[in-house]
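**Q** Sharing a structure, written as structure tokens. Questions coming.
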Amino acid sequence: MKKVVKFGGSSLASARQFKKVGEIIWSDKSRRYVVPSAPGKRNDKDEKVTDLLYQCYDAASQGRSYKKILEKIKNRYNDIIDGLGLDLNLDHEFQRIEENFVAAVGRDYAGSRGEYLNGLVMACYLNYEFIDAAEVIFFDDNGNLEAEYTDHELSERLANVERAVIPGFYGAKHDGSIKTFSRGGSDVTGSIVAKAIHADMYENWTDVSGMLVTDPRIVENPEVIETVTYKELRELAYMGASVLHEDAIFPVRKEGIPINIRNTNRPEDKGTLIVESTCRKPRHTITGIAGKKGFCSINIEKAMMNSEVGFGRRVLSVFEQYGINFEHMPSGIDTMTIYVHQSEFEDYEQSVIAGIHRAVEPDTLEMESDLALLAVVGRGMRSARGTAGRIFSALAHARVNVKMIDQGSSEWNIIIGVKNDDFETAIKAIYDIFVTAEL
């Protein structure tokens with residue numbers, strides 16, 4: 001069995017955290033490929049090493065004083081090395097980094113050094129082979145990942161390597177210049193490595209015990225989701241639930257490799273398993289609740305709208321003209337409502353209204369601002385009767401006025417529109433009726 005294990009910055013912020021990580025890796029011989037992030041914050045007042053590297057690079061490349069920041073970065077790594085009792089000296093690496101910073105080789109190079117150095121420390125600590133991500137992960141001249149070429153090169157490189165550390169967050173262009181991932185950096189690296197070695201599992205270790213049913217800032221101590229499908233995760237992530245970026249999911253999804261979100265500080269917790277499909281019955285009717293504030297709606301009414309061929313296309317072409325994405329579009333026989341991000345819409349508001357009038361000549365056109373959208377997602381909803389009824393009942397009891405409801409044909413998700421002021425109340429009410437009441 002082969003597992004790829006990725007550890008986030010908080011999991012590797014100090015020697016104490018490194019030791020926890022070491023115990024996790026050594027407790028399971030199948031954890032053979034390790035993807036480390038740069039050291040994160042040790043406490044609320046601390047700074048991430050990556051942030052320090054950017055500060056240091058900006059100062060050095062612009063001819064300003066940078067020595068104190070560089071010393072602070074060195075001390076972070078030396079504290080970890082000393083705390084682990086390692087026979088490792090990074091002076092030569094720091095000398096080369098300093099030279100490249102002064103030569104202004106690029107901010108991507110600067111940002112990548114946190115993972116690079118932590119990878120060297122991790123490889124020494126575990127006695128694993130170190131493989132520089134710049135040698136196995138490739139970007140084209142425009143900065144786009146060359147997925148197939150990377151997969152081929154990485155597969156060949158790891159074919160005869162029993163255990164390895166591959167730093168996250170970066171790779172290189174063909175001219176050798178360093179390129180970092182724009183989003184979900186180390187998570188993406190872990191996923192790429194998992195695909196290349198045909199891993200049985202991709203474990204993503206962080207500081208939470210998995211994905212939560214809803215936002216813990218709204219509901220106190222929400223439950224952890226035991227199993228979530230990629231489809232459910234995509235719906236929840238689209239509405240603001242953050243656990244892994246989509247770019248980090250695609251490589252393993254393509255291979256059918258499950259992802260396990262785990263907590264470095266609570267390794268006994270099972271965490272959340274992310275899978276392509278499952279016959280496991282969900283604990284609750286819903287899997288998760290997510291949402292966003294800051295929408296507005298444009299309601300268009302016109303008699304016999306449904307008989308006008310191309311009516312919807314002409315309306316949407318006006319939004320397209322001004323580069324405005326629409327989020328949802330519930331409609332009736334003579335009505336059509338477009339939900340858009342208020343911040344994107346405000347600057348073009350009057351132009352869009354005028355454009356709609358010219359395009360379709362509506363009878364009336366009304367707008368409403370300060371709206372929020374919630375997504376209630378779950379594979380269990382397909383076989384459960386009365387899900388929408390329970391949602392309406394819970395919201396009515398909480399005195400929340402529903403502005404819009406839209407259920408996808410897959411029956412996996414229900415989108416609800418409410419006022420911004422009712423957002424938190426609505427999420428609590430839905431959580432209570434589906435999770436607290438079912439316990």
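The values are calculated or read from the model by the stated rules, or taken from the named source; none is laboratory data. Worth saying up front: this structure is predicted, and the values here are computed from it rather than measured. Glycine gets a Cβ as well: all are built from the backbone with ideal geometry, and neighbour counts include every protein chain shown. All accessible areas refer to the heavy atoms of the entire protein, side chains included, with ligands and DNA or RNA removed. Shrake-Rupley method; radii C 1.70, N 1.55, O 1.52, S 1.80 Å.
**Q** Say R0 is 25 Å: what FRET efficiency, to the nearest 0.05, do ARG157 and ALA104 get from their beta-carbon distance? Don't skip to the end; give the middle numbers.
**A** Working: r = 31 Å, r/R0 = 1.22.
After rounding to 0.05, the efficiency reads 0.25.
**Q** So, R0 is 45 Å and r is the distance between the beta-carbons of ALA388 and LYS68; what FRET efficiency does that work out to, to 0.05? Walk me through the numbers before you get to the answer.
**A** Working: r = 60 Å, r/R0 = 1.33.
Result of the calculation: an efficiency of 0.15.
**Q** Order the peptides 383-394, 366-377 from the highest to the lowest mean number of other Cβ atoms within 10 Å of their residues.
**A** Working: 383-394: 14.6, 366-377: 19.9.
In decreasing order of mean packing, 383-394, 366-377 become 366-377, 383-394.
**Q** Follow-up question, since we're still on this one. What number, in nm² with one decimal, is the all-direction average of the projected area of the convex hull of the alpha-carbon atoms of region 3-207?
**A** Working: hull surface 44.2 nm².
Dividing the Cα hull surface by four gives the mean projection, 11.0 nm².
**Q** Can you check what the net charge comes to around ARG266, using other residues whose Cβ is under 12 Å from the Cβ of ARG266 (Lys, Arg +1; Asp, Glu -1)? Walk me through the intermediate numbers first.
**A** On the way: positive: LYS20, ARG262, LYS270; negative: ASP207, GLU268, ASP269.
Here the charged neighbours net out to 0.
**Q** Taking 7 Å along the Cα-to-C-beta vector as the label spot, tell me the LYS2-ARG16 distance in nanometres, rounded to one decimal.
**A** Reported label-point gap for LYS2 and ARG16 is 3.6 nm.
**Q** At a Cα cut-off below 18 Å, give the aspartates and glutamates reachable from LYS2, other chains included and same-chain residues fewer than 8 away excluded.
**A** The qualifying aspartates and glutamates are GLU23, ASP28, GLU129, ASP151, GLU156, GLU162, ASP187, ASP200, GLU203, GLU255.
**Q** Hey, what do the phi angles of region 37-44 turn into as Karplus ³J(HN,Hα) couplings, whole Hz, using 6.51/-1.76/1.60 and θ = phi - 60°, x for Gly and Pro?
**A** For region 37-44, the Karplus-derived couplings read 8, 6, x, x, 6, 7, 7, 4 Hz, x marking Gly and Pro.
**Q** Assuming R0 = 22 Å, can you tell me the calculated FRET efficiency for the pair MET367 and SER307, based on Cβ-Cβ distance, to the nearest 0.05?
**A** Working: r = 25 Å, r/R0 = 1.15.
The value I calculate is 0.30.
**Q** Report, to the nearest whole %, how much of the accessible area of the chain belongs to carbon and sulfur atoms, 1.4 Å probe, protein only. Mind showing how you got there, number by number?
**A** Details: 9300 of 20830 Å².
For the chain, the apolar C and S fraction of the accessible surface comes to 45 percent.
**Q** Next question. Give the accessible surface of region 236-389 per residue, rounded to a whole number of Å², with probe radius 1.4 Å and ligands, DNA and RNA excluded.
**A** On the way: 7850 Å² over 154 residues.
Here the residues of region 236-389 average 51 Å² of exposed surface.
**Q** Kindly provide the helix-only [θ] at 222 nm of the chain, computed as the sum of -39,500 (n - 2.57) over DSSP H runs of four or more divided by all residues, to the nearest 500 deg cm²/dmol? Don't skip to the answer; put the middle values down first.
**A** Details: 14 runs with 168 residues, N = 439.
One gets -12000 deg cm²/dmol as the mean residue ellipticity at 222 nm.
**Q** For HIS357, what accessible area in Å² do you get when you roll a 1.4 Å probe over the heavy atoms of the protein chains, rounding to the nearest 10?
**A** Accessible area of HIS357: about 80 Å².
**Q** What angle do you read, to the nearest 10 degrees and between 0 and 90, between the alpha-carbon axis of helix 185-196 and the longest principal axis of the chain?
**A** Computed tilt is about 80 degrees.
**Q** Arrange the peptides 187-199, 95-107 so that the one whose residues have, on average, the most other Cβ atoms within 10 Å appears first. Don't skip to the answer; put the middle values down first.
**A** Values: 187-199: 25.6, 95-107: 15.4.
Highest-to-lowest ranking by the protection proxy: 187-199, 95-107.
**Q** With a 1.4 Å probe and every protein chain left in place, work out the accessible area per residue of region 81-160 in Å², rounded to a whole number.
**A** On the way: 3860 Å² over 80 residues.
In whole numbers, region 81-160 has 48 Å² accessible per residue.
**Q** Considering only DSSP beta bridges where both residues belong to region 190-278, give the percentage that are antiparallel (nearest 5).
**A** On the way: 4 of 12 bridges.
About 35 percent, rounded to the nearest 5.
**Q** DSSP beta bridges in the chain, what fraction antiparallel, as a percent rounded to 5? Mind dumping the intermediate values first?
**A** On the way: 41 of 65 bridges.
If I count the DSSP bridges inside the chain, around 65 percent turn out antiparallel.
**Q** Can you list the HN-Hα couplings for region 274-288, worked out from phi with the Karplus curve (6.51, -1.76, 1.60; θ = phi - 60°), rounded to whole Hz and with x for Gly and Pro?
**A** Working through the residues one at a time gives 9, 9, 5, 7, 7, 9, 5, 6, x, 5, 10, 4, 9, 9, x Hz.
**Q** Could you order ASP406, ASP175 by accessible surface area, starting with the largest, using a probe radius of 1.4 Å? If you can, show how the numbers build up before the last one.
**A** Details: ASP406 50, ASP175 120 Å².
Greatest to least solvent exposure: ASP175, ASP406.
**Q** Using a 10 Å cut-off on Cβ atoms, rank the peptides 109-117, 229-237, 326-334 from the highest mean neighbour count down.
**A** On the way: 109-117: 25.4, 229-237: 21.4, 326-334: 14.4.
Output ranking for 109-117, 229-237, 326-334: 109-117, 229-237, 326-334.
**Q** Does region 90-178 classify as rounded, prolate or oblate by the C-alpha gyration tensor (a ≥ b ≥ c root eigenvalues; a/c under 1.5 gives rounded; else a/b over b/c gives prolate, otherwise oblate)? It would help to have the intermediate numbers written out before the result.
**A** Details: a/c = 2.62, a/b = 1.09, b/c = 2.41.
Cα axes put region 90-178 in the oblate bin.
**Q** Now, a different point. For PRO362, what charge total do you get from the other residues with a beta carbon under 12 Å from its beta carbon, if Lys and Arg give +1 and Asp and Glu give -1? Display every interim value, and only then the final one.
**A** Working: positive: LYS302, ARG314, ARG358; negative: GLU301, GLU308, ASP334, GLU361, ASP363, GLU366.
Net local charge, PRO362 excluded: -3.
**Q** Find which of HIS174, MET201, HIS152 sits farthest along the positive direction of the dipole of region 151-215, computed with +1 on the beta-carbon of Lys and Arg, -1 on that of Asp and Glu, about the Cα centre.
**A** Final value for the positive-end residue is HIS174.
**Q** Separation between the SER177 and ILE405 pseudo-spin-labels, each 7 Å from Cα along Cα→Cβ, expressed in nm?
**A** In this crude label model, SER177 to ILE405 measures out at 5.5 nm.
**Q** How far, in degrees from 0 to 90, does helix 423-434 lean away from the longest principal axis of the Cα atoms of the chain, to the nearest 10?
**A** That helix lies at roughly 90 degrees to the long axis.
**Q** Could you compute the net charge surrounding ARG96? Neighbours are other residues with a C-beta less than 15 Å from the C-beta of ARG96; K and R count +1, D and E count -1. Don't jump to the answer; show the numbers that get you there.
**A** Numbers: positive: LYS74, ARG113; negative: ASP91, GLU93, GLU98, GLU99, ASP132.
Surrounding charge for ARG96 is -3.
**Q** Just to be sure I understand the model, the point goes 7 Å from the Cα along the line to the Cβ. What's the resulting ASN265 to ARG358 distance in nm?
**A** The two pseudo-label positions are separated by 5.7 nm.
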